[in-house]
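Enquirer: Below is a structure I'd like to ask you about.
The values are calculated or read from the model by the stated rules, or taken from the named source; none is laboratory data. These numbers come from a predicted model, not from an experiment. FYI the Cβ positions are ideal-geometry reconstructions off the backbone, even for glycines, and counts take in every protein chain you see.
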Amino acid sequence: SLVSRFCTLMFNDGNYDPSSFLAIKLGSEPLIAEERKNLRKLLNIPIINELNCGEAGTIGFECASNLNRFHLNAERIILEITDKNGVNLPDGEKGLMVVTALDRKITPIIRYKLGDMGKLVTEKCPCGINLPLFEFWGRRGDEVLLSNGRKVGVLQVHGSLMKAGLARKVSQFQIQQKNIDKLLFRIVPRKKIKEEDEIELRLLLSDLFFDCRMNIDFEYVENIAPTQGGKRRFFIPLDEVRKNFEI
């Protein structure tokens, strides 16, 4: 994530005072458990994660004692989870996040599609806060498409790679789905990647795509260019490849 890169660069620079930081506040940038663990170890400060939208404002905040689940800002936001046709899904089913902001008077925000995926959670949070819970699953379309129709979310892929210690071997990486049965793994290595490292990565990804054949190629580069907004994209989906190259 962008915040991980920034904190690592700041730490390596050696000219910062850790005591001057009170917390890290994130807005609408997914942070997996391994990255959170590394940041806490690096800076030893709390990490506050919010889900924000420019049109609707703050939608929710991640619970400090129930990570990866968010408390809805229910005083001002109505959150619905729908299918692609806008029909509400039962609680616990993953779908499209649709919000209504109750305090937007000049430009009403009513059933606004965020373009994100999530699901409503019915059980009570162990932290004691009674605000409704939901899970955030990332952007719609940020999924690896398999030949049998199954989809694997990129946050799941990213989390598995981080747990396997990929961050110790590479400084940047990006996955691009070139075809329904082919992934390109673009890597900026910290050190030379050995053949056994490639085999380990292939096996790890094959476990996620266990019911379909997926060919995985590696490309080693010096840098992965950021978007105009300054973020480096972890995943380029197949639909975007088809659109750009008309395949």
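Enquirer: Could you list, in sequence order, the residues of the range 159-188 that are assigned to a helix (DSSP H, G or I) and touching a helix residue (DSSP H, G or I) at 6+ places or on another chain (Cβ under 9 Å)?
Expert: Residues satisfying the conditions are Gly159, Ser160, Leu161, Met162, Lys163, Leu166, Ala167.
Enquirer: Mind telling me which of the residues Ile109, Ile81 ends up being over 16 Å from Phe134 (Cβ atoms) and among the hydrophobic types (A, V, I, L, M, F, W, C)?
Expert: Every option except Ile109 fails the conditions.
Enquirer: When you scan the range 44-72, how many residues do you find that are at pLDDT below 80 and in contact with a Phe, Trp or Tyr (Cβ under 6 Å, 6 or more places away or on another chain)?
Expert: Qualifying residue count for the region: 1.
Enquirer: Give me the residue from the range 60-93 that is part of a strand (DSSP E or B) and out of contact with any Lys or Arg (no Cβ under 9 Å at 6 or more places or on another chain) and, out of that set, surrounded by the fewest Cβ atoms within 10 Å (Cβ to Cβ).
Expert: Ranking the qualifying residues of the range 60-93, first place goes to Asn88.
Conditions tested, residue by residue: (1) surrounded by 15 or more Cβ atoms within 10 Å (Cβ to Cβ); (2) in contact with a His (Cβ under 6 Å, 6 or more places away or on another chain); (3) in contact (Cβ under 8 Å) with a residue 12 or more places away in the chain; (4) part of a strand (DSSP E or B).
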position: Arg104; (1), (2), (3), (4): yes, no, yes, no
position: Ile110; (1), (2), (3), (4): no, no, no, yes
position: Met117; (1), (2), (3), (4): yes, no, yes, yes
position: Glu123; (1), (2), (3), (4): no, no, no, no
position: Pro126; (1), (2), (3), (4): no, no, yes, no
position: Asn130; (1), (2), (3), (4): no, no, no, no
position: Phe134; (1), (2), (3), (4): yes, no, yes, yes
position: Trp137; (1), (2), (3), (4): yes, no, yes, yes
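Enquirer: I'd like the full set of residues that are among the acidic types (Asp, Glu) and in contact (Cβ under 8 Å) with a residue 12 or more places away in the chain, limited to the range 173-206.
Expert: Asp181, Asp197, Glu198, Glu200
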